[in-house]
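Heads up, the thing below is written out as structure tokens.
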Amino acid sequence: MALAFGLVGVLGGVMGAAFEGAMRKLVWLLYTGLLLGANQAMAGAVDPVLLTGDMEKLVLEAPRALPDVPLIDLADAPHALAHYKGKWLVVNFWATWCMPCRTEMPSLDRLQTALPQIAVVTLATGPNPVPAIRRFLDEAAVKSLVVLRDPQADLAHQMGVMGLPVTVIVSPDGMEVARLIGGAEWDSDKAKAVLEALMTP
């Protein structure tokens, strides 16, 4: 892109400012078109009609590898998201003090029941005491979810998670392919259709 604008500048010096301005606009339009085309390709088989309601917040991304950060469960046993390689993951960053997380969590539990071929992994982010986590899960009537902890928020920081809740969709080869900031009704028909479309080769 910088090289293209550099060449336009040289030609503009020869042919005048009006030509340079027109060429800069043309290069920018071509560049933007290429980016839009790449984004559409990344969306794969996800029908834009599905990206409404809560799913309007879902951002489809160029695949990027997850950081290799150690996690722990409620008994302090070591875990890692890499253990789930080979399965589609829905990874939810949350905390016990987060009210939108409290609203969202039951839908994640229902999603795990509805789509057993994926793994829904909830990640308590930051200093969440285990008794508070257990109380939160009991109050939300969670029965089916994997519950891990990131006590220092190391994974959250490395993945650029700035607020909660945040949900990341991870492909079987361990690549983040989509992210939704904020809460969602994850067992809605549209959410399940989006996930199934992402999982379709």
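A straight Cα-to-Cα reach below 20 Å connects residue 192 with the aspartates and glutamates 47, 54, 56, 61, 104, 109, 176, residues fewer than 8 places away in its own chain not being considered. Between segment 170-190 and segment 100-120, the alpha-carbon centres lie 11 Å apart.
Between the DSSP loop rule and a limit of at most 15 other Cβ atoms within 10 Å, which chymotrypsin sites (Phe, Trp or Tyr not before Pro) in segment 66-116 are left? Passing sites in segment 66-116 are 97. Put simply, when 162-169, 114-121, 62-69 are sorted by average Cβ atoms within 10 angstrom per residue, most first, you get 162-169, 114-121, 62-69. Positive contributions from Lys and Arg (+1) and negative ones from Asp and Glu (-1), summed over other residues with Cβ under 12 Å from the Cβ of residue 140, come out at +1.
All of the numbers you see were taken from the coordinates with simple rules; none came from a lab. Note that the coordinates shown come from a computational prediction; the quantities given were computed from them, not determined experimentally. All Cβ positions, glycine included, derive from the backbone under ideal geometry; neighbour counts span all protein chains shown.
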